[in-house]
Structures are given as structure tokens and as C-alpha cells.
1. Take the residues in the range 88-104 that are within 17 Å of residue 158 (Cβ to Cβ) and surrounded by 18 or more Cβ atoms within 10 Å (Cβ to Cβ); name whichever of them is farthest from the ligand (Cβ to nearest atom).
2. Taking the range 32-50, which residues are under 17 Å from residue 263 (Cα atoms) and more than 11 Å from the ligand (Cβ to nearest atom)?
3. Name the residue, out of 159, 153, 145, that is in contact with a strand residue (DSSP E or B) (Cβ under 9 Å, 6 or more places away or on another chain), within 16 Å of the ligand (Cβ to nearest atom) and either without any contact (Cβ under 8 Å) to a residue 60 or more places away in the chain or in a loop (DSSP other than H, G, I, E, B) (or both).
4. Return yes when residue 124 is touching a helix residue (DSSP H, G or I) at 6+ places or on another chain (Cβ under 7 Å) and either within 13 Å of the ligand (Cβ to nearest atom) or within 21 Å of residue 189 (Cβ to Cβ) (or both) and no when it is not.
5. Looking at the structure I just gave you, is residue 229 within 15 Å of the chain's Cα centre (by Cα) and closer than 19 Å to residue 178 by Cα?
6. Among 62, 78, 38, which is the only one that is over 16 Å from residue 230 (Cβ atoms), surrounded by 18 or more Cβ atoms within 10 Å (Cβ to Cβ) and in contact (Cβ under 8 Å) with a residue 24 or more places away in the chain?
7. How about the range 248-280: which of its residues are within 14 Å of residue 219 (Cβ to Cβ) and within 14 Å of the ligand (Cβ to nearest atom)?
8. Answer yes or no: is there a residue in the range 118-128 that is farther than 30 Å from residue 242 by Cβ, touching a residue at least 24 places away in the same chain (Cβ under 8 Å) and assigned to a loop (DSSP other than H, G, I, E, B).
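Taken together, the values in this text are just the output of simple stated rules run on the coordinates, not laboratory data. Keep in mind the model is a prediction, meaning the values are calculated, not measured. Quick reminder, even Gly has a Cβ in these numbers, built from the backbone with ideal geometry, and neighbours come from all protein chains shown.
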Ligand code: RIB
């Protein structure tokens, strides 16, 4: 069982399932409303745990009821939360999410406490791998990247300016195709592997601009894509740290990400390992 530490965000997701996504300036009514635990960091932590890793999450939440809701499934899932600290005077991060019947979504995040995870707040435990994303301050990601010596995975989401040293240090960088276009040629600075997801299309794994592996996600009935990229990131990290070959690891991550789209909500949809294996 690999040990994985995730440094990242915790959000409460307020989700409206609507007949379609609104255009700018448009109101779409008639939606159904749900509340789910979310946040890219928390989703990646729980996904890795459900896939069999021993997981610690380092994060910040507010001292509010939203934190209890947002952390509930992590607690149930056995994720180590002693470095997930509640701060007075700031709200827990909140994501407003619209989901269309196709499973496509639009997300706006109010980061709240996630903005307060400062570089000196992080005490990295002994761990096989570290996963970061960009819903916490990029300076914090840069500092841990410079200090950590094990396997480092960085999900460059949401797209943000990041120090080139992080790209050079990461063993694995994960982007979706929108983020890949946003970062453009700067991804050429990556010394490790770069995984690119394309929704239901083929995912790729490249090293130094050379294709190392390519995999097609299984066909599933998608109802909510929220958390699929987080599941992919966690699954690819778990599989690579376990020693799976890049092709097998990428196929495993594609299957995990696809299964995560078949249920509503970020964390309720994160698959257990046997669900991934039976869809791989
Ligand atoms: O990646 C999905 C996540 O992005 C959601 O759970 C939401 O909280 C936003 O952070």
C-alpha cells in the first residue's frame, strides 16, 4: 500500500443539475440542488484512499458547518486529517457548480480558507508520493516541490502562473486539454512525465515531448464529470508509485476517471479499486 500525501483544497460543492449550462448573462431555471464534499485536494486524497493508498491530507478549512460537511467522507474513508486545520474568521472553500445532463459542468470557486495554506504551514510527513494542485497558494506548492524528495505529482488545475522550478521538479504533471492549451509551450520545461486528459477522448503520457503511453477511457454513461480529473490524477499517481508500467498506469487512471463520471457529486462518485478493475 503506497503512502500518499495530498496538499490541497477542501470545498463544499453546491451543485445545480440543470437542463443545460447557462450562456454568459443567461438565467437557466428549473435546476435540482445538491451539496457534496469536494475540492480538488480533498477529492484526490479520497480517490487515492479508495484505490488502496494510505493517505494524509494537508489543508485548511473554516470553523464552520461547511467544514463538517466537506470533511465527512474523508473521515469515513480513513484519510489522515491531523494537518487539516480549521481557521477562525475565514469560511470553508465553496464551489458553485452547474451540471448539464451530458455531465459537462461549469465551476466557480470561492477559495476561503484554502487561500490561507501558507508555505511555512506545511510539515510534509514521511510519504512515498506527494500530490499538489493549484487551488492553494502557488508559493506553497513551489516550496513543497523544492523540499520534497519522493515522487511528486502536480495537477496544474485550475490553470495558474506557477514557478518553472515546479515544472522542472515534478515527476508527473497532469493537465486536461484546456489547461494544456493555457500553459502551451511552458509545459516544455517539464522534466518528468506529462499526462493530458481529453474527456472521453484518448489520454496521453509524454516524456520530453515523446509519447510514452496512450489510452482510451472506457465508454460509460456520464452524468457528472465533477471530480473525474482528480480521480485520474490520484489513480495515475497510485499506479505509478506501485510500480505499474506507464501504459498500464494510464489505462487504470482512464478507467478510474471514467467511472467517476457515472454518479452525481465529486466525492460520492470516487470509485473503489474493484470498480475500476471491472471497467478497465
Ligand atoms: O475538480 C473538481 C472540484 O473542483 C470540485 O469538487 C470543486 O470543489 C472544484 O474545486
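1. Going residue by residue through the range 88-104, those that are within 17 Å of residue 158 (Cβ to Cβ) are 93-98, 104.
The next check asks that each one be surrounded by 18 or more Cβ atoms within 10 Å (Cβ to Cβ); those that pass are 93-95, 97-98.
Working: 93: 7, 94: 8, 95: 3, 97: 6, 98: 12 Å.
Step by step, filter the range 88-104, then rank; the result is 98.
2. Of everything in the range 32-50, those that are under 17 Å from residue 263 (Cα atoms) and more than 11 Å from the ligand (Cβ to nearest atom) turn out to be 32, 33, 34, 35, 50.
3. Only one candidate passes the filter, namely 159.
4. Values: touching a helix residue (DSSP H, G or I) at 6+ places or on another chain (Cβ under 7 Å): yes; either within 13 Å of the ligand (Cβ to nearest atom) or within 21 Å of residue 189 (Cβ to Cβ) (or both): no.
Against the criterion (touching a helix residue (DSSP H, G or I) at 6+ places or on another chain (Cβ under 7 Å) and either within 13 Å of the ligand (Cβ to nearest atom) or within 21 Å of residue 189 (Cβ to Cβ) (or both)), residue 124 does not qualify.
5. yes
6. Unique residue meeting the criteria: 62.
7. 257, 261
8. no
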